[in-house]
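Encoded as structure tokens, the structure appears first; notes follow it.
The values are calculated or read from the model by the stated rules, or taken from the named source; none is laboratory data. This is a predicted model, so every value here is computed, not measured. Glycine gets a Cβ as well: all are built from the backbone with ideal geometry, and neighbour counts include every protein chain shown.
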Amino acid sequence: MRFTVKPLLRRLFAGFAIPAGAALSLCGCSIGGVLDPQGPVGAADKAIFIDALLIMLAIVIPTILMAFGVAWHYRASNTKATYLPAWSYSGQIEAVSWAIPILVIMFLGGVIWIGSYQLDPFKPLRSKVKPIEVQVVALDWKWLFIYPEEHIATVNQLTIPAGVPVHFSITSASVFNTFFIPQLGSMIYAMPGMTSQLNLQADHLAVLMGESGHFSGDGFSDMNFQVHSVSPQDYSDWVKRTRGTDQTLDKNSYASLARQSHNVKPFTYGGADPMLFNDIVTQKIGPAPGPEPESPAHAGREKTNAGSL
């Protein structure tokens, strides 16, 4: 069978141009994301991504070149192309076509396995400095950060010292969620009745963005927060200022905070109950009803909103 090269090239170009354009547009939106790491875990994540991409290109690039090469060789105007209508098998082609994917899978699996072991979220980061402890609670639709050693808490704002590891204990007081600071590294689930562990570190002074990557209802788009990576001295000063605020996080104020709310502005608590996080994880404090329409709390809110209209 002979092919005409121009229509085939047009189809190949269209097939690659559309996804390539979409990928470039996404890259344009990811400035300050996983490809711009600000800590050791984020840098390791980026290295795994780049390594995996290069390994996969070992299949993609030869395949693209072969597609163009076959189209060019078997073009209608090439009288030297061998016409073999009865051809059906080549051991050499079979060996190459199977060997390359097998090698790619082996290399890719090795890179991912080693990277997963080295980036175990439970594994503490190597540092001569004692880690900062932060307890994270995913609410509808906001983030609560408790600093148990400093006895303070914040909502939708995380402040950490640069160059110091941070050990996060993460849970959810409602439905499943995910805790993710793209420039610092690994995303991890926040699950009701369970505690996830995560160790991160910011290497530089910066203002970063944290977010949720798991849809959790009407206010999902509001579940983002700023991460302020400051100098150790500025962190100490911030802790002192925060302790001077009037609000205290206890079971009563937490019950009010846990109600569903949208677009909550950052604020702080000058004091925090040291047992509150444990009570949330063990569900001594009952979990929130979640965003389901059939939940009594949600239904009540809907009736109230309907009455106000």
note = Restricting attention to region 209-229, the residues that are farther than 19 Å from ILE188 by Cβ and in contact with a helix residue (DSSP H, G or I) (Cβ under 7 Å, 6 or more places away or on another chain) number exactly 0
inquiry  = Considering only region 61-77, I want to know if a residue exists there that is within 30 Å of VAL164 (Cα to Cα), modelled with pLDDT under 90 and outside any helix (DSSP H, G or I).
reply    = no
key: Scan of region 59-94 for residues that are loosely packed, with under 10 Cβ neighbours inside 10 Å and small (Gly, Ala, Ser), ordered by number   = SER77, ALA86, SER88, GLY91
key: Whichever residue in region 129-159 is within 18 Å of the chain's Cα centre (by Cα) and part of a loop (DSSP other than H, G, I, E, B) and, among such residues, is surrounded by the fewest Cβ atoms within 10 Å (Cβ to Cβ)   = ASN156
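Given the options ALA47, ALA99, name the one that is part of a helix (DSSP H, G or I) and either basic (Lys, Arg) or within 30 Å of SER229 (Cα to Cα) (or both). So that I can check it myself, show each step before the final result.
On the way: ALA99 fails: either basic (Lys, Arg) or within 30 Å of SER229 (Cα to Cα) (or both).
Checking each option against the conditions leaves just ALA47.
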key: Subset tally (residues that are part of a strand (DSSP E or B), of a type in the set (Val, Ile, Thr), within 22 Å of VAL230 (Cβ to Cβ) and in contact (Cβ under 8 Å) with a residue 40 or more places away in the chain) for region 160-192   = 2
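From the residues in region 169-178 that are buried (at least 23 other Cβ atoms within 10 Å of the Cβ) and of a type outside the set (Ser, Thr, Tyr), which one is nearest to LEU276 (Cα to Cα)? Quick ask: steps written out before the conclusion?
Initial filter on region 169-178 (buried (at least 23 other Cβ atoms within 10 Å of the Cβ)): 170-173, 177.
Those still in the list that are of a type outside the set (Ser, Thr, Tyr) too: 170, 173, 177.
Numbers: ILE170: 13, ALA173: 12, ASN177: 20 Å.
Within region 169-178, the match that is nearest to LEU276 (Cα to Cα) is ALA173.
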request  = For ASP246, state whether it is more than 15 Å from ALA288 (Cβ to Cβ), surrounded by 13 or more Cβ atoms within 10 Å (Cβ to Cβ) and out of contact with any Ser or Thr (no Cβ under 8 Å at 6 or more places or on another chain).
outcome  = no
inquiry  = Contact list please: Cβ distance under 7 Å, first residue in region 39-66 and more than 17 Å from PHE180 (Cα to Cα) and not assigned by TED's automatic domain parsing to the domain that holds TRP113, second residue at pLDDT 90 or above and acidic (Asp, Glu), pairs at least six apart or on different chains.
reply    = none
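Restricting to region 223-264, and then to whatever is in a loop (DSSP other than H, G, I, E, B) and of a type in the set (D, E, K, R), can you tell me which residue is farthest from the chain's Cα centre (by Cα)? Let's see the steps before the verdict.
Initially, region 223-264 is screened for residues in a loop (DSSP other than H, G, I, E, B), giving 223, 231, 244-247, 250, 258-264.
Then drop every residue that is not of a type in the set (D, E, K, R), which leaves 246, 250, 259.
Details: ASP246: 34, ASP250: 30, ARG259: 26 Å.
Among those residues, the one meeting the criterion is ASP246.
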